[in-house]
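Trainee: Right, I'll just put the structure down here and ask away after.
The values are calculated or read from the model by the stated rules, or taken from the named source; none is laboratory data. Model, not experiment: these values are computed from the prediction. Here Cβ is always computed from backbone atoms with ideal geometry, including for glycine, and neighbour counts include all displayed protein chains. Each accessible area value is taken on the protein alone, full model and side chains, heavy atoms only, with ligands, DNA and RNA left out. Shrake-Rupley method; radii C 1.70, N 1.55, O 1.52, S 1.80 Å.
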Amino acid sequence: MTASAPNRPTACLALADGTLFYGIGFGATGETTAELCFNTAMTGYQEIMTDPSYAGQVVTFTFPHIGNTGVTPEDDETADPVAAGMVVKWMPTTPSNWRSAGPLGDWLATRGRIAIGGVDTRRLTRAIRQAGAPHVALAHNPDGEFDVEALVAKARAFAGLEGMDLAREVTCAQSYRWDEMRWAWPDGYTRQEAPKYKVVAIDYGAKRNILRCLASAGCDVTVLPATATTEDVLSHNPDGVFLSNGPGDPAATGAYAVPMIQGVLNQTTLPVFGICLGHQMLALALGAQTVKMNHGHHGANHPVKDHDTNKVEITSMNHGFAVDAQSLPDGIIETHTSLFDGSNCGIRMKDRPVFSVQHHPEASPGPQDSFYLFERFAEAMAARA
């Protein structure tokens, strides 16, 4: 069956339950299937679309004005968009920002990412919250013709993220060095010329700004692929090991990541620091378990309590799986929890400088509430020297 909604929409979002949302397409044409999530951030749409943790997902933006400040290469978290597509309420207007290098629609089109505007994102977000993150098919056809039965069938056929190892798809192909530090006025990005600590960073889908934060904390960073072994890591004689963010089911990635982490922990006393998927990888290596969340945490306004200080940090989140706090073994302390739902957001070993957090301290929504975590990692390496 071929159908089109009134007023000739040029894009269609089909949910696996048969619900259809019509709108105006922009960016690339064609079709894509993915899991649908929503993000509540008011800024950072380019960083969100290029965050490797969004692999296999279409992102609904709850903030209506997306794309109005254009895009700039400086804000990419990786070379190209990784999220499968985007859903917005209002179509992007002509960019108005001194940093803009071009409009969002053109940027998406040249990078093969589909977007749909004119959607009731409030209704869509409510549906995601109530029923969980659905599987969807997103189509953009300038002619406005859609085989909706086929789109719904494709959404239903999407395998989902559970059991999916996406870190292999977004990790680097080979090792590389990183020395670029955080952006600062008026010089922009500068280089770390006097590093104090050698850090091996495991790339499960690492954001560039995480690597910048490590460099700004005094680290000489060597990035290794997700499949690196214990021997690969230790061959660089590091002062510390960092476990990056990334997409997919942590249990699937853990098949090869957990043995490596356990090897590092068993053979050395090196400080270890993890973020997002890296947090989940560390938890699995220490004997805990992870669970799939109903709709996950995606946004830049998430309050997290630090149990060591009783302070509340405003954090950036992006995860659809979580560490089960009830499964933490003896000797592993829960350090942070979400004040939205009480889910685990941080752990540490009781007697070693091994710790991790679920949220993203490098995203700076607080704006720098959580940067102390990079400093803590550096201090742990200094104490060991």
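Trainee: Given 0.36 nm per residue, what is the gain on full extension from E334 to A184 after removing their alpha carbon distance, in nm?
Mentor: Numbers: separation 150, 0.36 × 150 = 54.00 nm, distance 3.35 nm.
50.7 nm is the gain from fully extending E334 to A184.
Trainee: Let me know the charge dipole size of the chain about its Cα centre in debye, to the nearest 20, where only the beta-carbon of Lys, Arg (+1) and Asp, Glu (-1) is charged. Can you show the working numbers first?
Mentor: Numbers: 28 positive and 41 negative charges, 96 e Å.
Computed charge dipole of the chain: roughly 460 debye.
Trainee: OK, next. What's the FRET efficiency of N310 with K196 using the Cβ-Cβ distance as r and R₀ = 25 Å, to the nearest 0.05?
Mentor: On the way: r = 31 Å, r/R0 = 1.23.
Efficiency computed from Cβ-Cβ geometry: 0.20.
Trainee: Using the Cα gyration tensor of the range 178-262, with a ≥ b ≥ c the square roots of its eigenvalues, what is the shape: rounded (a/c below 1.5), prolate (a/b larger than b/c) or oblate (neither)? Write down the numbers at each step before the final one.
Mentor: Details: a/c = 3.56, a/b = 1.64, b/c = 2.17.
Oblate is the answer for the range 178-262, as a/c is 1.5 or above yet b/c matches or exceeds a/b.
Trainee: Output the peptides 315-326, 88-99 sorted from most to least packed, where packing is the average of other Cβ atoms within 10 Å over each peptide's residues. Don't jump to the answer; show the numbers that get you there.
Mentor: Working: 315-326: 22.2, 88-99: 14.8.
Per-residue Cβ counts within 10 Å, averaged per peptide and sorted highest first, yield 315-326, 88-99.
Trainee: Send over a whole-number figure in Å² for the accessible area per residue of the range 27-131, probe 1.4 Å.
Mentor: On the way: 4290 Å² over 105 residues.
Solvent-accessible surface per residue comes out at 41 Å².
Trainee: Provide the per-residue ³J(HN,Hα) series for the range 79-88, in order, calculated from phi with Karplus coefficients 6.51, -1.76, 1.60 and θ = phi - 60°, each as a whole number of Hz, with x at glycine and proline positions.
Mentor: Ordered by residue, 3J(HN,Hα) equals 4, 9, x, 10, 4, 6, x, 9, 10, 9 Hz.
Trainee: Let me check I've understood the local charge: for D249, count other residues with C-beta under 9 angstrom from its C-beta, Lys and Arg +1, Asp and Glu -1. What total comes out? All intermediate terms of the calculation are to be shown ahead of the outcome.
Mentor: Values: positive: K292; negative: E162, D165.
For residues surrounding D249, the net value is -1.
Trainee: Express in nm, to one decimal, how much length is gained between A101 and H236 on full extension, taking 0.36 nm for each residue of separation and deducting their alpha carbon distance. Before the final figure, lay out each step's value.
Mentor: Details: separation 135, 0.36 × 135 = 48.60 nm, distance 3.87 nm.
In short, 44.7 nm is gained.
Trainee: For A79 paired with Q289, estimate the spin-label separation in nm (one decimal), with each label point 7 Å from Cα along the Cα-to-Cβ line.
Mentor: About 3.9 nm, to one decimal.
Trainee: Along the range 165-175, what does the Karplus equation 6.51 cos²θ - 1.76 cosθ + 1.60 (θ = phi - 60°) give for ³J(HN,Hα), rounded to whole Hz, x for Gly and Pro?
Mentor: 8, 8, 4, 4, 7, 10, 6, 5, 7, 8, 5
Trainee: Putting +1 on Lys and Arg Cβ atoms and -1 on Asp and Glu Cβ atoms, find which of H236, W185, P195 reaches farthest to the positive end of the dipole of the range 166-313.
Mentor: W185
Trainee: Could you give the spread of the C-alpha atoms of the range 1-137 along their three principal axes, from largest to smallest, in whole angstroms?
Mentor: Extents along the principal axes: 44, 31, 23 Å.
Trainee: Please compute the Cα-Cα pair-distance distribution of the chain with 10 Å bins starting at 0, giving whole percents from short to long.
Mentor: 5, 24, 33, 23, 11, 3, 0
Trainee: Checking the a/c ratio against 1.5 first, then a/b against b/c, what shape does the Cα gyration tensor give for the range 54-204? Numbers along the way, then the final one.
Mentor: Details: a/c = 2.34, a/b = 1.46, b/c = 1.61.
In terms of gyration-tensor shape, oblate.
Trainee: Carbon and sulfur atoms: what percent of the 1.4 Å accessible area of the range 41-107 do they account for?
Mentor: That fraction is 58 percent.
Trainee: Could you sort the peptides 161-173, 193-205 by per-residue average Cβ neighbour count (10 Å cutoff), highest mean leading? Mind showing how you got there, number by number?
Mentor: Details: 161-173: 18.5, 193-205: 21.2.
The densest-packed peptide leads the list: 193-205, 161-173.
Trainee: Among Q326, T290, V304, which residue has its Cα positioned farthest towards the positive end of the charge dipole of the chain, with +1 placed on the Cβ of Lys and Arg, -1 on the Cβ of Asp and Glu, and the dipole taken about the Cα centre?
Mentor: Among Q326, T290, V304, the one farthest towards the positive end of the dipole of the chain is V304.
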